[in-house]
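Read the structure below first, then the notes.
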Amino acid sequence: MKTENSLKIIHTSDWHLGQKFLSFDRDEEHRLALSWLHDTIVEHQADVLIVAGDIFDIGNPPNSARKLYYRFLANLLHTPCRHVVITAGNHDSPSMLEAPREILQALNVYVVATTEDEIIELKDKNGRTEAIVAAVPFLREGFLRFATPGESPEERILKLKDAIKTHYHDLSSQIIAVRSEQLAAGSDIQSPVTSHPPIAIGDQSPILTTGHLFAYGAQASDKQDNIYLGDTQNIHADDFPELFSYVALGHIHRAQKVGGKEHIRYSGSLIPLSFSETKDEKGCYLLEYEGAKLKEVQFLPSPTFRRLKTIEGDLEDVKKRLTEFNDRYAESLPSWVEVIVHLDTPDPSLDETLHEYTRDFNMEILKIRIQLPENDLTHTSDGQVALEDLSPEEVFLKRCRSAGYPEEEIGPLVETFRELMEGVKSEE
């Protein structure tokens with residue numbers, strides 16, 4: 001039961017609207033997922049929605065994805081949700097996301113894509129501060145620092161980690177400074193230490209932050225984008241200032257807490273975004289506050305709107321499991337299936353055989369690969385290595401070996417390749 005001093009917040013992230021899944025669009029799944037999120041907000045009477053990055057899958061999303069996004073925000077006007085805080089992820093274009101910022105802010109939708117105006121004060125209809133959110137987007141390296149000529153990749157990573165940690169502590173210090181001024185002289189005093197408007201922070205106001213990064217110890221379901229090339233451990237749980245009663249993270253698609261901390265969590269994505277995520281439970285987190293105290297964090301699982309499934313085995317076993325899978329989910333959206341068949345030798349007719357077998361099934365077989373004996377790599381049906389299973393570095397390494405370079409020369413070449421990849425990432 002809600003009281004005058006209680007607040008409910010929903011934490012979600014990684015919608016990836018506009019994603020193409022092997023050339024298939026996912027608009028219907030995303031529409032159903034956002035409809036579920038809308039209904040969840042209504043059911044639980046949530047006051048605030050926080051979306052921690054990767055709203056879209058690409059910087060210039062298709063019109064269908066933009067329509068889903070704006071229609072969802074418009075529909076929130078008729079719900080208990082009074083405030084929406086949206087931050088950019090590494091897949092989002094800051095300029096595209098912030099373009100309608102002023103219009104959305106008039107509707108209590110706050111969009112933060114850069115390091116300007118990250119501290120947001122959420123007020124109720126009487127002007128009382130309900131919560132403070134340090135809305136931190138994906139911290140692009142150019143927001144934090146510029147590379148120093150001659151610094152090694154290792155030095156660059158260490159300096160970037162330190163800059164990320166410092167950024168959170170600077171925001172925490174700004175909020176504490178304003179609180180101290182308020183207690184000393186009243187809430188009308190302008191703060192000299194921050195360019196943000198004065199924030200009236202009461203003792204009963206929760207203070208949260210967001211992030212879109214790869215926290216130390218987080219478990220990804222796939223070869224997740226490292227976000228900063230060469231660094232999969234951007235920050236430790238203990239690096240977040242104690243001021244923040246909850247840290248709403250995005251980027252990792254599996255819902256989880258970080259570093260054993262109940263108040264530092266990834267919400268994960270709303271739908272499975274790859275075959276490797278099919279075993280992950282999808283949904284969002286519901287936070288319940290009483291005053292400034294976080295009373296409960298509850299995971300709310302979402303339905304599975306379309307089944308993604310990997311089926312592996314010999315050909316007869318694969319056919320049997322395809323039939324069983326189709327019988328189980330015949331009423332949902334057509335399932336998308338990846339098939340890995342164990343064969344002794346390549347079979348160029350395998351694709352035709354399986355597509356004919358499933359012609360009347362409620363499914364689409366999107367990928368067919370074969371597993372050959374004594375080989376840990378999967379191949380296409382004609383025996384070629386499946387390129388999507390390899391990282392760019394693995395492709396480069398195979399190219400070096402096929403070109404006949406001695407092993408003692410390959411190591412330095414790989415290091416040079418890594419530096420080139422980092423340079424490309426920086427330019428992007």
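Answer yes or no as to whether residue 39 is touching a helix residue (DSSP H, G or I) at 6+ places or on another chain (Cβ under 8 Å), modelled with pLDDT of 95 or more and acidic (Asp, Glu). Answer is no for this residue. If you check residue 224 against the conditions, is it of a type outside the set (Ser, Thr, Tyr), within 26 Å of the chain's Cα centre (by Cα) and modelled with pLDDT under 70? Judged against the criteria, residue 224 is a match.
Of the strands (runs of 3 or more DSSP E) entirely within segment 272-344, those holding at least 1 residues that are open to solvent by 40 Å² or more (accessible area, probe 1.4 Å) and aromatic (Phe, Trp, Tyr) occupy 293-301.
The listed residues are 16, 38, 11, 30, and the only one of them that is over 18 Å from the mean Cα position of the chain (by Cα) and crowded, with 18+ Cβ neighbours inside 10 Å turns out to be 38.
Within segment 168-185, residues that are more than 21 Å from residue 212 (Cα to Cα) and part of a helix (DSSP H, G or I) sit with their Cβ atoms under 6 Å from residues that are open to solvent by 40 Å² or more (accessible area, probe 1.4 Å) and at pLDDT below 90, at 6+ positions apart or across chains, in these pairs: 177/193; 181/189.
The set of residues in segment 45-65 being touching a residue at least 24 places away in the same chain (Cβ under 8 Å) and open to solvent by 10 Å² or more (accessible area, probe 1.4 Å) consists of 45, 57, 58, 59, 60, 62, 64. Can you find a residue in segment 72-82 that is closer than 17 Å to residue 267 by Cβ, crowded, with 18+ Cβ neighbours inside 10 Å and either among the aromatic types (Phe, Trp, Tyr) or at pLDDT 95 or above (or both)? Looking for residues that are closer than 17 Å to residue 267 by Cβ, crowded, with 18+ Cβ neighbours inside 10 Å and either among the aromatic types (Phe, Trp, Tyr) or at pLDDT 95 or above (or both), one finds at least one in segment 72-82, hence yes.
The values are calculated or read from the model by the stated rules, or taken from the named source; none is laboratory data. Please read these numbers as outputs of a predicted model, since none were measured by experiment. Here Cβ is always computed from backbone atoms with ideal geometry, including for glycine, and neighbour counts include all displayed protein chains. Surface accessibility is based on the protein's heavy atoms, side chains included, excluding ligands, DNA and RNA. Shrake-Rupley method; radii C 1.70, N 1.55, O 1.52, S 1.80 Å.
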